[in-house]
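Worksheet: the structure to be examined is printed underneath.
Since every read-out is calculated from the coordinates, none of them should be taken as a lab result. Because the structure is a prediction, the values reported are computed rather than measured. Note: ideal-geometry Cβ built from the backbone for every residue, glycine included; neighbour counts use all protein chains shown.
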Amino acid sequence: MQCLTINDAIGQAIAEEMRRDSNVMMFGEGVATKRVDLLNEFGGRRIRNTPLAEGIIAGAAVGASAMGMRPVIDLLFAPFMTLAMDELVNSAGKLRYMSGGQFKFPLVAMAMTGTGWTVGAQHNHNLEAWFVHSPGLKVVMPSTAADFKGLMKSAIRDDNPVLFFVEMAMTFDSGEVPDGEHLVPLGKAAVRRAGSDVTLISYGKSVRACEAAASQLAEKGVFAEVIDLRSLKPLDEAAILASAKKTGRVVVVHEANRMCGVGAEIAAILAEKAFVALKAPVLRITSPDVPAPSSYPLELAFAPQADAIATAAASLFESDQKAVREIQSS
Amino acid sequence: MQCLTINDAIGQAIAEEMRRDSNVMMFGEGVATKRVDLLNEFGGRRIRNTPLAEGIIAGAAVGASAMGMRPVIDLLFAPFMTLAMDELVNSAGKLRYMSGGQFKFPLVAMAMTGTGWTVGAQHNHNLEAWFVHSPGLKVVMPSTAADFKGLMKSAIRDDNPVLFFVEMAMTFDSGEVPDGEHLVPLGKAAVRRAGSDVTLISYGKSVRACEAAASQLAEKGVFAEVIDLRSLKPLDEAAILASAKKTGRVVVVHEANRMCGVGAEIAAILAEKAFVALKAPVLRITSPDVPAPSSYPLELAFAPQADAIATAAASLFESDQKAVREIQSS
Amino acid sequence: MTEAVEPGALRGMLENMLTIRAYEEKAAAMQAVGQAAGTCTSVGQEAAAVGVVAALGAEDLILTNHRSAGHLLARGADPARIYAEVLGKATGYCKGKSGSLHVSAKELGVVLTSTIVGAELSLAAGVGLASSMQGRNNVVACFFGDGAASEGSFHESLNLAAVWKLPILYVCENNQWQAFVHRRETMPMDHISDWAASHGMPAASVDGNDVEAVYRAAQAGIAHIKTTGQPYFLETWTYRTRGHYEPDDQGYVDPDELAAWRAQDPIDRLQRKLDLDAVEIQVIQKRVAQRIEKAWNEAIAAPYPALADLTSDVYA
Amino acid sequence: MTEAVEPGALRGMLENMLTIRAYEEKAAAMQAVGQAAGTCTSVGQEAAAVGVVAALGAEDLILTNHRSAGHLLARGADPARIYAEVLGKATGYCKGKSGSLHVSAKELGVVLTSTIVGAELSLAAGVGLASSMQGRNNVVACFFGDGAASEGSFHESLNLAAVWKLPILYVCENNQWQAFVHRRETMPMDHISDWAASHGMPAASVDGNDVEAVYRAAQAGIAHIKTTGQPYFLETWTYRTRGHYEPDDQGYVDPDELAAWRAQDPIDRLQRKLDLDAVEIQVIQKRVAQRIEKAWNEAIAAPYPALADLTSDVYA
Ligand SMILES: Cc1ncc(C[n+]2csc(CCOP(=O)(O)OP(=O)(O)O)c2C)c(N)n1
Ligand SMILES: Cc1ncc(C[n+]2csc(CCOP(=O)(O)OP(=O)(O)O)c2C)c(N)n1
Ligand SMILES: [Mg+2]
Ligand SMILES: [Mg+2]
């Protein structure tokens, strides 16, 4: 085991894949300045700074990937992706289908997101649900150094466009990463903590808040299972349903805004496919429907915290929801 | 009552509001060519063709609205909005909040969407959920000529940015529109057909499919309530919950892709707030997770149709779901 | 570069232009009688497609847009398969999933067609980048309209191509119209080449209704790209003599302007230049008409995609 | 326009530049000791802000970006309220919701500040449109960087302003850097004015470290806008002598280039030009330092916003 920052885990993944496949390249605003190791090893043709223009960065990646390259692009902060939506959604996401399968788009588009740096709503906006909603794309948002490495490697090898979100607050956090070739498959959730009473489903750094909430709950004798989705598309429906069927109680947690977020999708899946197993309402703990504030205390209040998650989970036991349902519906 | 096409209902709404308030203006690619009546009445300063550049069309609207104008912009087809996401989401949606309330953005951004013209995925992509997910915006998607007029007038008078989606297939359909001042408030759903057994929730032209499904169901003695959301943000949660509590069975229908769509949000609201009232799983009938195809038979198969809705609704009665739940969860 | 293009080659170009014209007029006629969905024609602009494509080699790549039939046909596409695509048939170049607005034909080197105006510019940068990374020594010809040049992607693409020395031949078909808006309403100058020149690349503007001139200008551009490894910009000055999209009554078009440009029809001009006799012309026209008729019938007879294809080709 | 700017006015500009410098160096120092979040300074570029803003009238409007303190202070902003904003305090110009990156101050005519690079250009078109529709007869000064000029919104904004004759003074602060990338890596020419000129508007480039030259150039631009009703483009040629964002060790900066530009510091140059004696300078510097110190202390003492403000100001 090695101990790497998340930033270095990502860098290592890219370096390994660049060694493995000469079609892998990386570009973006400041990429060659900030990833000097990669620049030194692979040179200025494969590691490039770009002009300040997200649209063409993404467009170049899409066009190059269709012709056999495997570009990784860094779009810096998620809100800047708004300038590349046509390229990502209309081109990368659709042109395979629209051309009857003539092209594929093996590219990775990275961006940072999430609270923690008090940078405000034009740097911090969790947009992952937009891409989950859009056909033809894959979306990952890891939460551990090992997963950042393993998922980045899988994303680069995947033949489809992958949106790769990095929690800015975690960038310089360290974690253990297995030595040697380490791949994590897209589309597989991880059970971070097993439990029998309630399921906390989350991704990104909210997983930590869920783990903290689970510890709080355990003190009260409530055993929470914590699921880290890791991939948001494909979504590991089997893992979600298995846990929900086991516990019958689910809280979904994310920093992204509530309406039409990934939490809504999970709750909807549960409302359809785990209906008979659910013993209590499905709750969502998310940011409120507001842009991310900069001011530190407001930013803290914006993001889901362990206390609120634990309280929500505990509330599912407060009254016997099933009994209530029977009374009301009979 | 007058009988107007939806296109004319929109035009009449804009004309009335332009007469009422000299700050209202309209621009977009071909707006002055296609809305000659408006051009003739209000002149080339208030009705303008623009260069072919959605970003600056939206940016100009955002900037002008902050300074007291009330622009209506036509972005033609929803996928072209991908080129204006920064302006719509980062500027119009956030700059009020980020500036501590210094500005407001009374603008309306129109776009066509939906199946019916076999134009394929780069003209037909239902993106409304993206904007519902984004803070600071409002979203409407009417289904009748009267609502197109009444909601457009309300959207123009609203002090917030409103995304106004038009089903392209309905553009030239006619419908009755009340004479005189006709306003429909944002955020209020309409019950298109009352029923006691199952609720069909939808918006846009899928409402028609729901109405047809309701007729089919009525023949079998199942009385479906059909709810037309009209506004997707603010969403009329009260109307959704009231109907769900009445019937205990809900099918949500839309053409937009399934994951993280408006249907997911509604199912999630129900799973939280109508949990005890639900007698059966919440089902979603949506397009599959694919780009909209052009070929006529595929396009037809892509969009939710009455038969599938009726079948889904009927399935909620097939076995006694509540009994199943009791068996499984006891 | 100054010798005349030999008459055989020009006769081939004439036949290509006639083929495009016949293809598109048939498509429009079939739309008018309800047998086909609407489509964007390039009637009046055929010289740009034919002249540029004639100058390209087999290894070169093409990006086009919503108005693509000319580029496809000039590149040797089977009209039956384009019609099939327009009709949403399984035998179309994109299995019917595209329809008329974004027909790619990778086997012909016509890649990544998008109907998002300006996307062709953005994607071309990537195709050029791949060519450059892969040492292909080819040229990427990107066709786009005067309207597309108003999109930010125009500026971003040209700049990236200049900075990264991408082998792109930008071909702006300035047909004076941007859907229902005249170019004059959308920009302060007449020529897109003025914008392009500010990107530090050679930017030529050519009489787009003179196929020979277009052909030579494209050759010059390609030579520049091959010798310098740098992009080149070529504007073809032409006119869209039919509507934006069928049907279109062109009620918004100045009839005098239209008439003046019709008098400059590129096919007529080449016929006059070649000085073919009436019989020769009739022979070609008949051959073309038969080919198009056959193609249409083939497309009409072709099957629709299977319903299972609704969900195929989404992920690789 | 050729008379010298009178010395009193220049002394005022000097004090403004010193105020900006002191404000930003304090902000950086406080960041370094963990008392403030990072921020973008404009050290070395103060002449552009001060020279242009001095030429504006009270009715004129300003758009700026992530590097805004200079523009705000030149316009008379209260440094305590900018600091408060940077610190996320309720007394900040945006109630602490913005932080340092997007400080608007409508009361000063500094509107719609966005940190999305290029958004200032896009929004300026709308502000200019409103001015034009409302017959305000004012000028909209839009400050942006050389990096922003690479975004498509640059092209789109300049074109719309030209076509619609919007009263916009585009001010491109070409400080040679685009975050961690040198301008030289991102464009084939040196001057943004080359791009601007292709939009058919006058496009000047001025020594951006000579405040008097900037001031006169801005006056000329404003006069052009007022007389013709057309936009004007002004590039200030300058250098960002600190890092992109505090902290930044500038390890990627060529030390010779940096040294050469430091020798051109706009404050030093104006001091030399004004030939003030040491005492005079000390008096001004002390006044400035005290003002900044007081402002910082005020901001530190100010309260954070109430938690209820998390959800206020979303909808009107
Ligand atoms: C981004 C985008 N905006 C608008 C449209 C609608 N549209 C299709 S073609 C067209 C005009 C394009 O003009 P130009 O680029 O000059 O090409 P031409 O049609 O003249 O060949 C427009 C506005 C589109 N397809 N994509
Ligand atoms: C759309 C967008 N892309 C990237 C960034 C990150 N970023 C912030 S400032 C900056 C450099 C801007 O350069 P320039 O426009 O020259 O302005 P300067 O910072 O030099 O004043 C970058 C890349 C951003 N804020 N917005
Ligand atoms: Mg055109
Ligand atoms: Mg700069």
Taking a threshold of 29 Å on the Cα-Cα distance, which of the pairs C:K26/C:K273; B:K34/C:K95; A:K205/A:K246 fall above it?
-> B:K34/C:K95
Total charge dipole magnitude, the stretch B:190-322, about the Cα centre, Cβ charges on Lys, Arg, Asp, Glu only, Debye to nearest 20 = 280 debye
Inter-chain shielding metric for A:111-124, i.e. average beta-carbon neighbours from other chains within 10 angstrom, reads 5
Take the eigenvalues of the Cα gyration tensor for the stretch B:249-315, scale each by 5, and report the square roots as semi-axes in whole Å, largest first.
-> 25, 14, 6
How big is the charge dipole of the stretch B:1-70 about its Cα centre, in debye rounded to the nearest 20, if each Lys and Arg gets +1 on its Cβ and each Asp and Glu gets -1 on its Cβ?
-> 180 debye
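Say R0 is 41 Å: what FRET efficiency, to the nearest 0.05, do D:I281 and D:R184 get from their beta-carbon distance?
Result of the calculation: an efficiency of 0.70.
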Let me know the mean shielding of A:72-81 by other chains, meaning the per-residue number of their Cβ atoms within 10 Å of its Cβ.
-> 2
Placing a label point 7 Å from Cα toward Cβ, how far apart in nm is D:D249 from its equivalents in the other copies, listed shortest first to one decimal?
-> 7.2
Summarise the partner chain shielding of B:164-177 as one whole number: the mean count of Cβ atoms from other chains within 10 Å of each residue's Cβ.
-> 0
Taking Cα pairs closer than 8 Å and at least 6 residues apart, the relative contact order of chain A in percent is 16 percent
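What's the Cα-based Rg to Rh of the stretch D:54-179, Rh via Kirkwood?
0.97
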Sorted by average packing, counted as other Cβ atoms within 10 angstrom per residue and highest first, what order do D:258-268, D:226-236, A:291-301, A:135-145 take?
-> A:135-145, A:291-301, D:226-236, D:258-268
Determine which aspartates and glutamates satisfy two conditions relative to C:K294: a Cα distance under 19 Å, and not lying fewer than 8 residues away in the same chain.
-> C:E15, C:E24, C:E25, C:D78, C:E85
Sort shortest first the distances from C:N297 to its counterpart in every other copy, using label points 7 Å along the Cα-to-beta-carbon line, and give them in nm.
-> 9.7
Total charge dipole magnitude, the protein assembly as shown, about the Cα centre, Cβ charges on Lys, Arg, Asp, Glu only, Debye to nearest 20 = 2160 debye
Got the D:A4 label distances to the other copies yet, label 7 Å along Cα→Cβ, in nm, shortest first?
-> 7.2
In cubic angstrom, how much convex hull volume per residue do the alpha carbon atoms of the stretch B:1-64 span?
-> 96 Å³
Rounded to the nearest 5, what is the percent of antiparallel bridges among the DSSP beta bridges in chain B?
-> 20 percent
The stretch C:7-299: relative contact order as a whole-number percent, Cα under 8 Å and 6+ apart | 24 percent
Return P(r) of chain A (all Cα-Cα pairs; 10 Å bins starting at 0; whole %; ordered from short to long distances).
-> 6, 26, 33, 22, 10, 3, 0, 0
Can you tell me which of A:229-239, C:162-172, A:16-26, C:39-49 comes out highest on packing, and rank the rest after it, using the mean Cβ neighbours within 10 Å?
-> C:39-49, C:162-172, A:229-239, A:16-26
State, as an integer percentage, the relative contact order of the stretch A:117-258 based on alpha-carbon contacts under 8 Å between residues 6 or more apart.
-> 29 percent
Starting from the Cα of A:K279, draw a straight line to each of the aspartates and glutamates and keep only those under 14 Å, dropping any in the same chain fewer than 8 residues away.
-> A:D197, A:E318, A:D320, A:E326, B:E272, B:E326
Amide proton proximity set for B:L76, modelled H, under 5 Å, gap of 5+ | B:M112
Give a residue-ordered list of calculated ³J(HN,Hα) values for the stretch C:297-313 (Karplus: 6.51 cos²θ - 1.76 cosθ + 1.60, θ = phi - 60°; whole Hz; x for Gly, Pro).
-> 5, 4, 5, 4, 6, 5, x, 6, x, 5, 4, 4, 6, 4, 10, 8, 6
One checks the Cα atoms of the stretch C:141-300 and finds Rg and Dmax, in Å, of 18.3, 53
Pick from B:S287, B:S315, B:S65: which residue has the top mean-square fluctuation in a GNM of chain B where Cα pairs under 10 Å get a spring?
-> B:S315
Label point distance in nm, D:K273-C:Q134, each placed 7 Å from Cα along Cα→Cβ | 5.6 nm
Would you look at the GNM of chain B, springs on alpha carbons closer than 10 Å, and say which of B:Q102, B:Q216, B:Q305 moves the most?
-> B:Q102
As a check on your grasp of the helix formula, calculate [θ] at 222 nm for chain D: sum -39500 (n - 2.57) over DSSP H runs of n ≥ 4, divide by the residue count, round to the nearest 500.
-> -14500 deg cm²/dmol
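What is the Rg over Rh value, at two decimals, for the stretch B:2-177, using alpha-carbon atoms and the Kirkwood definition of Rh?
0.94
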Just the Cα atoms of the stretch A:104-225: what Rg and Dmax do they give in Å?
-> 15.7, 51
Under Karplus coefficients 6.51, -1.76 and 1.60, residue-wise ³J(HN,Hα) of the stretch B:108-121 in Hz, glycine/proline x | 10, 10, 9, 7, 8, 7, x, 6, x, 10, 6, 8, x, 6
Determine the percent antiparallel among the DSSP beta bridges restricted to the protein assembly as shown, to the nearest 5.
-> 20 percent
Rounded to two decimals, what ratio of Rg to Rh does the stretch A:190-322 give with C-alpha atoms and a Kirkwood Rh?
-> 0.95
For the protein assembly as shown, convex hull of alpha carbons as volume per residue, Å³ = 167 Å³
Per residue and in Å³, how big is the convex hull formed by the alpha-carbon atoms of chain C?
-> 134 Å³
Computed Kirkwood radius, in angstrom, where 1/r is averaged over Cα pairs of the stretch B:150-206 = 13.8 Å
Mean Cβ count within 10 Å, highest first, over the residues of peptides D:83-93, B:124-134 = B:124-134, D:83-93
